[in-house]
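Below is one structure, written out as structure tokens, with a few remarks after it.
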Amino acid sequence: MAALMSISGVASGLNTDEIIQKVLTVERAPIGKLQMQQASLKTQMAAFQEANTRLQALQDAAYALARMSAFQAKSVTSSNEDVLTASATIGAVASKYTITVEQLALTHQVKSQAFTDTDATRVGTGQLTLQVGDGSLITIDVDESNNTLAGLRDAINRQQAGMTASIIQEADSSYRLMLTSDHSGVDYAITVDASGLSGGTAPTFTNLQDAQNARIVLGSGTGQITVEKSSNTVDDLIAGTTLNLHSTSATPVTVTVTADREGLRKSIQNLVDQYNNAIDFINTQFKFDPETLQGGVLLGNTTLAAIQQDVDATINAVVAGLTTGKNVLSYVGVSLDADGKLSFDGSEFEDAFDEDPVAVGRLFAVDGQTTDDAISFQYAGAKTVPSATGYLVHITQVATRARVTAGVAQTQQLNNDETLTINGVTVALAKNSTQADVISAINAVSGETGVRAEATGIDGTGTGNYLTLWATKYGSSYKISVSSSVSNGGATPASNTTGVGLTLATEASPAGEAGTGTGAAGQDVAGTIGGEAARGSGQTLVGDSDNSFTAGLQIQVRATTPGDYGAVKVTAGIAFRLSNLLDQISNTTDGRVKAELDTMQEQVDDLQSVIDAKEEGLGRKEEQLRLKFVRLEEMMARFQTLSAQLSAQLRGLGGFQNTR
């Protein structure tokens, strides 16, 4: 119905707009109550979201302590950080090392003679050859498009030849081309040959800075060890420890590797702080003031109350499988105060850690112990049930690596240059290379190919002169493909090649050119854990996700034959259990918080539907009221017109009588 204009009392004198609004105000009172319910629900949702934010912060703090690796972290100090700094992985051994830095590694730099300009003087045309260390020769064609100092610089940089070219200006109209090796150390020295250029001023290069290895002395006295490294970042001298060399010094530096107690103390303090932060907020929601009769926003919310109870129960739990006294948080100085919050005594933690660092780790993290060296615990899932007695491990198939063995033995040096293509990576082999040289060249790029080589018998076992390639990792997903640029003789075997031959050989089809190559595909481990099904990937065996006890339990199996391999025991520490609990609570897909917020949102939406319906009804009622008042005014107007007419007639009748 089209909106009706206000006709407020034109005929009746009534303020119809005011009357209608007062009627609608009375009718709108139930809508106001519904809107108040909506606002209350939205306030509850905001409070619940804030509680969830604090619980997520608690989960992050718990997760940082949920793995044993957190308790195996190492801290490194240097007695002179101006000379060297260091870092360590969890595999580093706690110890002290005396180190003297006698020499730093330097990159090789060469410079040309001075040129008066960078883009006019011609350096000639022809070829310029470059080499870094014993790497590949790089040939640059120099022509009219690039035969200036700047053109040569750009051409060298486009080659990505293991060096960087730049132009330095030492004075007005005095420019030099400088080449800097991308890596330090004598193995990365630059060789430049400009003799192939003619017809211009060819650059001649001299040393600006000699290539130099770092020289380090480990220890002192007659038994000290002196080593040279190509880089000032040394990660292969002390296992698990990286040394960063900054300057030389005749005075030895002491590098101390210890357990990272300070990092752990901060992580535990953060867990305590985040717990208190969450509990403070939740307690505020449940407060009730008897004087004002006002309660917290979420007072009476059973979901939040249940969450608080579950969190408290997990924090105060006794960890099954640990020694009495070492199985509760009070062992490391974490205690529950009278106000329901946690406190932390860092000195008690350090005492406990010094006494038994493994027990401290197991108090917080998930851990597993195995009774057979052929298996080792890796991780447990949220659904893994802890077991002090352990789950028996039965292996039906061991993991193996893919293999390809060349069909022809190499008993002589290579008769020609030969190139192998292994998993798409080329390996250049020089003429006269021995089989040991071939194996060394292949293994030098194993990080790129995923393959390592050795000399074996034709079946890939024992010793012999057949080149065997192994995948570096176990399992069916790791493959090998290999071919050579040189024939192995086929039906007439040649002993002066690698034996691979021209035909592509793979683990699935290893025969190759000679038809005698052998090989085998990699296998994944297979077996059961605790009598329950498990899936294998390489050497890793994981309990199926629907298992009753071992779901997500992950172990590494290094066994070489099928059979029974003892048991794996699992302990689930408080931080691990708390992290899993809070994940179930805060999970954005099906967590308890999401379910509660979804329920509240549905109630808000339902109320909005009712409000919308009532508002629509009030709109119709307003139109009806206005229509009624319009009709009233119309009727009153007609009555007034009729009254006027009657009055006029009566006045006329009165005049007639008077004239008679």
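The values are calculated or read from the model by the stated rules, or taken from the named source; none is laboratory data. Worth saying up front: this structure is predicted, and the values here are computed from it rather than measured. Glycine also receives a Cβ, built like all others from the backbone with ideal geometry; neighbour counts cover every protein chain displayed.
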**Asked** Do the conditions hold for Asp598, that is, is it over 30 Å from Ala278 (Cα atoms) and of a type in the set (Asp, Glu)?
**Response** no
**Asked** Here are Val366, Val360, Val334: which of them is modelled with pLDDT of 95 or more, buried (at least 17 other Cβ atoms within 10 Å of the Cβ) and out of contact with any Ser or Thr (no Cβ under 9 Å at 6 or more places or on another chain)?
**Response** Val360
**Asked** What is the residue count in region 337-355 for residues that are exposed (fewer than 15 other Cβ atoms within 10 Å of the Cβ) and more than 20 Å from Asp280 (Cβ to Cβ)?
**Response** 5
**Request:** Could you tell me whether region 141-153 includes any residue that is acidic (Asp, Glu) and under 26 Å from Ala428 (Cα atoms)?
**Result:** yes
**Item:** All positions within region 513-537 that are under 19 Å from Gly460 (Cβ atoms), small (Gly, Ala, Ser) and either surrounded by fewer than 22 Cβ atoms within 10 Å (Cβ to Cβ) or at pLDDT below 95 (or both)
**Value:** Gly515, Ala520, Ala521, Gly522
**Request:** Select from region 561-597 the residues that are in contact with a helix residue (DSSP H, G or I) (Cβ under 9 Å, 6 or more places away or on another chain), without any contact (Cβ under 8 Å) to a residue 12 or more places away in the chain and of a type outside the set (Gly, Ala, Ser) and list them in ascending order.
**Result:** Asn587, Thr588, Asp590, Lys594
**Message:** If I go through region 169-187 residue by residue, how many of them are among the hydrophobic types (A, V, I, L, M, F, W, C), surrounded by 13 or more Cβ atoms within 10 Å (Cβ to Cβ) and assigned to a strand (DSSP E or B)?
**Reply:** 3
**Asked** In this structure, is Leu149 over 21 Å from Thr107 (Cα atoms), modelled with pLDDT of 95 or more, touching a strand residue (DSSP E or B) at 6+ places or on another chain (Cβ under 8 Å) and not small (Gly, Ala, Ser)?
**Response** yes
**Request:** Kindly indicate whether Ser145 is over 19 Å from Gln113 (Cβ atoms), assigned to a loop (DSSP other than H, G, I, E, B) and in contact with a Gly (Cβ under 8 Å, 6 or more places away or on another chain).
**Result:** yes
**Asked** Any chance region 42-51 includes a residue that's assigned to a helix (DSSP H, G or I) and basic (Lys, Arg)?
**Response** yes
**Request:** Please state which of the following conditions Gly133 fails to meet, knowing it meets all the rest: (1) at pLDDT 95 or above; (2) of a type outside the set (S, T, N, Q); (3) within 43 Å of the chain's Cα centre (by Cα).
**Result:** (1)
**Request:** Go through region 55-69 and give me each residue that's in a helix (DSSP H, G or I) and either modelled with pLDDT of 95 or more or assigned by TED's automatic domain parsing to the domain that holds Gly91 (or both).
**Result:** Leu55, Gln56, Ala57, Leu58, Gln59, Asp60, Ala61, Ala62, Tyr63
**Prompt:** of a type in the set (A, V, I, L, M), modelled with pLDDT of 75 or more, out of contact with any Ser or Thr (no Cβ under 7 Å at 6 or more places or on another chain) and over 16 Å from Gln21 (Cβ atoms) - does that describe any residue in region 615-626?
**Reply:** no
